[in-house]
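Q: Below you'll find the structure I mean.
The values are calculated or read from the model by the stated rules, or taken from the named source; none is laboratory data. Here the structure is a predicted model, which is why all the values come from computation and not from measurement. Virtual Cβ from ideal backbone geometry, glycine too; neighbours counted across all protein chains shown.
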Amino acid sequence: MSKVDDKQIAVARVYSRAMYDLAKSRGEAEQLLGELQEIAKLIEHDGAFATFVASPLVDTDDRAQTLEKLFRGRASDLLVDSLQVIHRKARLPMLPTIAEAFRREHQEQLGQVDVHIRTAVALTDRLRGDLRRAITQRYGKEPELHEEVDASLIGGIVLQVDDEKVDSSVVRQIAKMRHTLHERAAKEIHRSRREQAGEAAV
């Protein structure tokens, strides 16, 4: 989610928690999460829809009727009813933030935590398992990994749990993992250079 100010986050949480409580009571939390994320993607990638959602030039009643036509019967009633409430409060432009707040609320309820990891080379299953265990032991939550390979991190690893860099205790637990990644990255670089030298010789 793109950065937003504290006031936006606080407002989004008010809506997301109310929606989550109702969705959970109906057993529809997963469904509503998926629907909110789809709408957030639509706003991000469809300029016309983004304008429809945010433009003050769109008549309030027309927007409400269009929401009904677009989503009623195609999405859950809970989603459509929520959209109408958010619309009446003039908060539709905040939908991507509300969707992210809802996702985090759901994740918190499931005892999960986002872990963003950047490594010089792709993780093996064994290293991924080591990382999961280290995070679980330290934070008491099941990590949801978001992996990225960054060749500029030769032998390096960058970990972030939620919005914070991991503390030193976790870093110490994965020191062996850092060393393994360094060796693998070095081997891949050497192999690539040998292959390039071979092609040049031909």
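Q: Can you name the helices (runs of 4 or more DSSP H) wholly within the range 30-118 that have at least 1 residues being within 30 Å of Ile135 (Cβ to Cβ)?
A: Per the criteria, 95-109.
Q: Oh, and also: Can you say whether Arg103 is in the same structural domain as Leu36 (by TED's automatic domain parsing) and touching a residue at least 12 places away in the same chain (Cβ under 8 Å), as far as the supplied structure shows?
A: yes
Q: Checking Arg126 against (1) in contact (Cβ under 8 Å) with a residue 40 or more places away in the chain; (2) assigned to a helix (DSSP H, G or I); (3) basic (Lys, Arg), which test does it fail?
A: Condition (1) is where Arg126 drops out.
Q: Whether any residue in the range 22-37 is closer than 17 Å to Pro96 by Cβ and either among the small types (Gly, Ala, Ser) or surrounded by fewer than 17 Cβ atoms within 10 Å (Cβ to Cβ) (or both) is what I want to check.
A: Yes: one or more hits.
Q: Kindly evaluate Glu35 against the criterion of being within 18 Å of the chain's Cα centre (by Cα) and modelled with pLDDT of 95 or more.
A: Answer is yes for this residue.
Q: Oh, and also: Specify which of the listed residues (Arg72, Arg26, Arg13, Arg63) is touching a helix residue (DSSP H, G or I) at 6+ places or on another chain (Cβ under 8 Å), among the basic types (Lys, Arg) and in contact (Cβ under 8 Å) with a residue 60 or more places away in the chain.
A: Arg13
Q: Now for a different question. Tell me, which residue of the range 133-145 that is of a type in the set (D, E, K, R) and at pLDDT below 90 is farthest from Ile117 (Cα to Cα)?
A: Among those that are of a type in the set (D, E, K, R) and at pLDDT below 90, it is Arg138.
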